Number of protein chains: 2
Amino acid sequence: MRALIVHAHPEPASFNAAMTARAGETLRSLGHEVVVSDLYRMGFDPVSDRRNFLEMADPAYLKLQAEELHASAKAGFAPDVQAEIDRLLACDLLILQFPIWWLGMPAILKGWIDRVFACGMAYGGGRYFSKGALRGKRAMCALTVGGPRAVYSATGLYDEVEQILFPIHRGLFGFTGMTALEPFVVYGPNRMEQDARRAELDRFARHLEHLDTARILPMPA
Amino acid sequence: MRALIVHAHPEPASFNAAMTARAGETLRSLGHEVVVSDLYRMGFDPVSDRRNFLEMADPAYLKLQAEELHASAKAGFAPDVQAEIDRLLACDLLILQFPIWWLGMPAILKGWIDRVFACGMAYGGGRYFSKGALRGKRAMCALTVGGPRAVYSATGLYDEVEQILFPIHRGLFGFTGMTALEPFVVYGPNRMEQDARRAELDRFARHLEHLDTARILPMPA
């Protein structure tokens with residue numbers, strides 16, 4: 001199995017970085033191949049516009065989906081986008097590793113999605129959900145949230161984290177035909193002692209070792 | 001009243017650009033002051049990390065919230081961030097104008113939020129929801145979605161747009177104490193004839209002229 005971990009945290013010594021490192025070790029020890037796109041380290045540019053393309057089908061008016069289709073047919077993506085498309089298409093398992101910021105992904109990760117999940121590559125031509133272009137791949141979010149667990153519930157200030165991630169699960173993973181696995185969430189690692197952080201990393205490793213038993217999120221057909 | 005429109009579309013001739021232009025005209029005609037942060041035109045950098053700060057309280061380990069607090073006390077934000085913080089703090093009405101991409105904001109807009117809604121400025125010190133640092137301001141999303149309306153419903157492929165925007169409404173507007181107004185949504189402007197597009201722009205103008213009657217989204221105390 002080939003795993004792609006897309007890692008989005010600006011601090012190399014962060015708990016998110018420890019999660020990505022542990023995921024890599026765990027999956028490699030199981031015999032899998034692991035590629036990490038460390039977006040901050042790569043200096044990945046998350047802004048989606050004309051820069052995505054080597055040439056424009058219509059230089060006068062930017063329609064991103066039309067240009068993506070054109071670039072898909074002509075191998076016309078900018079090199080930084082094409083490299084990530086290649087990694088995405090080659091993987092069997094996609095892990096998005098990030099700290100939740102404002103109940104969503106850091107912009108650098110959102111932009112990786114905006115630019116890399118291109119029409120003609122990740123979807124298009126009636127290929128979505130059960131007919132999705134990326135069917136056969138599995139995908140999951142692995143994330144940290146700042147607040148304690150109680151804040152994220154139907155009776156708390158926010159909704160369940162799984163519901164907050166609906167745009168990613170349904171709109172990205174499901175839409176493109178990937179099998180969406182339950183997210184792995186660590187609540188408030190910044191307030192944990194070292195022992196508790198190590199226990200959470202161990203829990204993550206066990207989760208990845210038994211990914212075949214992870215809950216699959218339901219999708220429309 | 002001072003309005004800040006944060007505009008996030010890469011094509012200057014887009015329907016989103018027409019919405020921002022019409023909002024500006026409408027609000028100015030009512031006697032309000034309007035400032036537009038046109039993120040693509042500004043070349044706004046959406047990546048949040050050490051670049052946000054003129055100096056680091058702890059150069060060895062990046063904790064964004066701690067650095068934001070430090071920068072708030074020392075006027076230590078990078079000029080591009082400080083300029084947008086000033087615009088945010090000065091406004092009475094915030095409009096986020098964007099096309100929905102992957103059921104969320106384009107990365108350039110998410111990064112504006114990641115960098116500008118800084119701890120010590122937009123929240124912090126127990127100031128949230130009804131005690132929020134930005135209370136007294138109103139905020140709304142004005143957006144286009146690619147699909148038809150029927151796709152966005154409890155029985156469609158996705159949820160209602162208002163529910164999809166929960167992270168922005170609850171986690172950003174509500175959390176910082178702003179009064180969250182119902183979103184203004186245009187479905188599928190790319191498939192509309194010019195007459196229908198003009199009618200949607202007229203509907204937007206009328207909505208802004210009667211913003212005092214816009215539905216207010218409920219928030220926890």
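In terms of overall dimensions, the stretch A:108-221 has a Cα radius of gyration and Dmax of 16.0, 50 angstrom. Considering only B:Trp102, A:Leu201, B:Ile216, and ranking their Cα positions along the charge dipole of the protein assembly as shown that arises from unit charges at the beta-carbon of Lys, Arg, Asp and Glu, the one farthest toward the positive end is B:Ile216. A dipole drawn for the stretch B:85-167 from +1 and -1 charges on Cβ atoms has a positive end, and of B:Phe166, B:Phe117, B:Ala90 the residue lying farthest that way is B:Ala90.
Less than 5 angstrom separates the built amide H of A:Phe184 from those of A:Cys141, A:Ala142, A:Leu143, all sequence-distant by 5 or more or on a different chain. Applying the Karplus relation 6.51 cos²θ - 1.76 cosθ + 1.60 with θ = phi - 60° to the stretch B:55-64 yields 3J(HN,Hα) values of 8, 9, 5, 10, x, 7, 8, 7, 10, 4 Hz, where x marks Gly and Pro. Calculated mean residue ellipticity at 222 nm for chain B: -9500 deg cm²/dmol, from DSSP H runs with n ≥ 4 weighted as -39500 (n - 2.57), summed, divided by the residue count and rounded to 500.
Between B:Lys63 and B:Arg203, the simple spin-label model (points 7 angstrom out along Cα→Cβ) gives 4.8 nm. Evaluated with a Cβ-only charge set (Lys, Arg +1; Asp, Glu -1), chain B carries a dipole of roughly 340 debye about its Cα centre, given to the nearest 20. Shape descriptor for the protein assembly as shown: Rg over Rh equals 0.94 (Cα atoms; Rh from the Kirkwood inverse mean 1/r).
Dipole of the protein assembly as shown computed with +1 at Lys/Arg Cβ and -1 at Asp/Glu Cβ about the Cα centre; of A:Phe44, B:Gly177, A:Val151, farthest Cα towards the positive end is A:Val151.
With only the Cα atoms considered, the stretch A:15-54 has a convex hull volume of 90 Å³ per residue. Restricting attention to chain B, close to 15% of DSSP beta bridges with both partner residues there are antiparallel. Karplus-derived 3J(HN,Hα) values for the stretch B:99-115, using 6.51 cos²θ - 1.76 cosθ + 1.60 with θ = phi - 60°, are x, 6, 10, 6, 6, x, 6, x, 4, 5, 7, 4, x, 4, 5, 3, 8 Hz; glycine and proline are entered as x.
Dipole magnitude for the stretch B:16-82: computed about the Cα centre from +1 point charges on Lys and Arg Cβ and -1 point charges on Asp and Glu Cβ, it is near 140 debye. Using only Cα coordinates, the Kirkwood hydrodynamic radius of chain B works out to 18.2 Å. Treating the stretch A:160-221 as a set of equal point scatterers at the Cα positions, no solvent, please give the Debye-formula log₁₀ I(q)/I(0) at q = 0.21, 0.30 Å⁻¹. After summing over all Cα pairs, the log10 values are -0.90, -1.19. Centre-to-centre, using Cα atoms only, the stretch A:95-140 and the stretch A:33-60 are separated by 14 Å. Placing unit charges on the Cβ atoms only, positive for Lys and Arg and negative for Asp and Glu, gives the protein assembly as shown a dipole magnitude near 500 debye about its Cα centre.
Cut-off 10 angstrom, C-alpha nodes, Gaussian network model of chain A. Which of A:Ala60, A:Ala150, A:Ala196 fluctuates the most? Its mean-square fluctuation being the largest, the pick is A:Ala60.
Between the beta carbons of A:Glu25 and A:Arg149, assuming R0 = 30 Å, the FRET efficiency works out to 0.70 to the nearest 0.05. Highest mobility in the GNM of chain A, judged by mean-square fluctuation with C-alpha springs under 10 Å and restricted to A:Ile164, A:Ile113, A:Ile95, is found for A:Ile164.
Every read-out reported here was derived from the displayed coordinates using simple, explicitly stated rules and does not represent laboratory data. The shown structure was predicted, so the numbers you read here are calculated from the model rather than taken from an experiment. Every residue, glycine as well, gets a Cβ built from its backbone with ideal geometry; the counts of neighbours run over all protein chains shown.
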